[in-house]
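Everything below concerns the one structure shown next.
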Amino acid sequence: MKPIALACASLVTLLGACSGGPECTTEPRSAWMSEDAMKSRVASLGYRVNEFKISGSCYEIYGWDREGRKAEVYFNPVSGEIVKSEID
């Protein structure tokens, strides 16, 4: 492999590893719960949501937990389980 191609391939691999978000599911989007259902689940867990989005293979929220701490939480969009959370 030419040096420039090798450097590009390494960069692509590194950027993929640095994307920050976890892999929450390998299921197709047709198997995901609806955004409304996920928002209800998040609320039932005590989170107040400032931003709700799809991030890769996850539903992700930015908001606050039930104690009022800032929260960034990734959810499995099929089961609704928490995959990763960062609480400040």
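Points to keep in mind about this one:
- Candidate set: region 63-85, residues that are assigned to a loop (DSSP other than H, G, I, E, B) and within 14 Å of the chain's Cα centre (by Cα); chosen: the one surrounded by the fewest Cβ atoms within 10 Å (Cβ to Cβ): Glu81
- Residue in region 51-58 that is assigned to a loop (DSSP other than H, G, I, E, B) and modelled with pLDDT of 95 or more present: yes
- Leu15 vs. criteria modelled with pLDDT under 95 and closer than 26 Å to Glu86 by Cβ: yes
The values are calculated or read from the model by the stated rules, or taken from the named source; none is laboratory data. All figures in this text were calculated on a predicted structure; none of them were measured in a lab. Cβ: placed from backbone, ideal geometry, glycine included. Neighbour counts: every protein chain shown.
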